[in-house]
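Okay, structure first, notes after.
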Amino acid sequence: MSMIRNVVCLFACIAIFITASEGVPLFLPSQDSSEQQADIAVIGGGCAGLAAAFTAAYLNHTVVVFAGDAPGGQLMASTRVENIPGIIPKTGAEVIEELEAQAISAGARIEYTAVAEVRHVSQMGPKFLITTASGTRWRAKAVVLAMGGTPRTLSIPGEAELLNSRIFTCALCDGKQTEGKVVYVIGGGDGSVDTLLTLHEFGAQQHLLVRSGSMRAAPRIQKRLQHTDIRIEYETQVVGVRLTDAGTPHERFEIVVKTPHGTEIRMADFLFYAIGHTPNTTAPWVRQLVKLDAQGYIVTNARQETSMPGVFAAGDIASPYFHQASYAIGCGQFAAKSAIDYSN
Ligand code: NDP
């Protein structure tokens, strides 16, 4: 056993030597031997987090990324990402894999574990103490929060099995396949107008189902729908979905809706949810560390600074309006630059 440990140690030393000789930043031990240390800690392994990690490591800072148990974030669900300028279409998983490889080759260290807490501490040394779910402790001079958001879903019967095959939450990511197809969209807010117009561009035949008697979207934004042939139904709620005769030529995707006239079945090709996002800020430590807005998004300024000096936020966690990979990547890079300026 000890021989295996020695061999592993030898390889680790060689790896550190090679890494150092290539000019990539080195991780130094913390003053407290039970803690590890990095210049910048990135919480979140989606596109914003990985872009922040790459940028800070590339600029010669030590970076640790806490990517959680299921790294990659929302993009992992996209079957085809074709709206990142300069990137040829590929799956979300491929985009993440490349961002991750780029961050690692620049010297970032990725820990596949969730974070239990980030705290500002007054002891000597780097000011932020990060404790992982497994109890490991890290100190960092600056922190980038990039835990992303989660598109809301309805949690109705049949949904879990059909999510990302018949049911989607991102029109730009998954709308291309809707050309000439019958698509139901659930929503009513400004975001649903974006979804409808995107799917309209792709050539979908659309029905919008609004749960209340009117759309919440601003009248000016609703006006953008006036030259489309989208059918809007009010006081209509989806209560279930199912796929019958799956895998046969008779396969049917059925949407069960409750209307003012009773329960009905609608045949469709796809269902898109446009019912908002929830930022991943519900953990108590997030609320203690930084200021959130009324919807739970982290409040940032134009430099991605939060209310806590030394803590920056990027991507969907700090963006109530725009939920796109390219935007998250840019924000992540900007947050990394601000974190570097702070930690220098
Ligand atoms: P919103 O929270 O504003 O709207 C969500 C919509 O989904 C509402 O119509 C809501 O209905 C409906 N909804 C929520 N839950 C359910 C459910 N369980 N079943 C059926 N319907 C449901 O989210 P958006 O993503 O639309 O917008 C988020 C923010 O981004 C807003 O501040 C918006 O103004 C902004 N935005 C601005 C844009 C712009 O161009 N200016 C474009 C896109 C977004 P109900 O009204 O009944 O609650």
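The values are calculated or read from the model by the stated rules, or taken from the named source; none is laboratory data. Values in this document were obtained by computation on a predicted structure and should not be read as measured data. Neighbour counts run over all protein chains shown; Cβ positions are idealised from the backbone, glycine included. Side chains included, ligands, DNA and RNA excluded: accessible areas come from the protein's heavy atoms. Shrake-Rupley method; radii C 1.70, N 1.55, O 1.52, S 1.80 Å.
Counting only protein heavy atoms and a probe of 1.4 Å, the accessible surface of the chain is 55% carbon and sulfur. Judged by the ratio a/c of the largest to the smallest principal axis of the C-alpha gyration tensor, segment 83-160 counts as oblate, that ratio being 1.5 or greater while a/b is no larger than b/c. Taken one residue at a time, the phi angles of segment 304-317 give Karplus couplings (6.51, -1.76, 1.60, θ = phi - 60°) of 6, 7, 9, 5, 9, x, x, 10, 10, 9, 8, x, 4, 5 Hz. Gly and Pro are set to x. Cross-link partners of K258 among lysines, defined as those whose alpha carbon lies under 25 angstrom from its own and excluding same-chain residues fewer than eight positions apart: K181.
Could you give the Stokes-Einstein D for the chain in µm² per second, using the C-alpha Kirkwood radius, 10 °C, 1.306 mPa s? Answer from the Stokes-Einstein relation: 72 µm²/s.
Taking the charge dipole of the chain about its Cα centre, with +1 at Lys and Arg Cβ atoms and -1 at Asp and Glu Cβ atoms, the residue from H323, V299, A56 reaching farthest to the positive side is V299.
Evaluating 6.51 cos²θ - 1.76 cosθ + 1.60 at θ = phi - 60° for every residue in segment 82-88, the Karplus couplings come out as 10, 10, 9, x, x, 10, 6 Hz, glycine and proline recorded as x. Taking every protein chain into account, the accessible area of the chain amounts to 51 square angstrom per residue (probe 1.4 Å).
Each Lys and Arg contributes +1 and each Asp and Glu -1, all at the Cβ; summed about the Cα centre of the chain, the dipole is approximately 700 debye. Ranked by the mean number of other Cβ atoms within 10 Å of their residues, highest first, the peptides 332-338, 103-109 come out as 332-338, 103-109. Counting only protein heavy atoms and using a 1.4 Å probe, the accessible area of T244 comes to about 40 Å². Distance from a point 7 Å along Cα→Cβ of T228 to each backbone N in segment 291-323: keep the residues under 11 Å and list them by number. Answer for segment 291-323: none.
Around the amide H of G240, modelled in the peptide plane, lie the amide H atoms of V256, all under 5 Å away and 5 or more residues distant in sequence or on another chain.
Amide H contacts of Q36: R137, W138, R139, each under 5 Å away and 5 or more positions distant or on a separate chain (H built 1.01 Å from N in the peptide plane; Pro and chain starts excluded). The local environment of T259, defined by Cβ-Cβ distances under 12 Å, has a net charge of 0 under the rule Lys, Arg +1 and Asp, Glu -1. Highest mean packing comes first when the peptides 143-149, 199-205 are listed by Cβ atoms within 10 Å, giving 143-149, 199-205.
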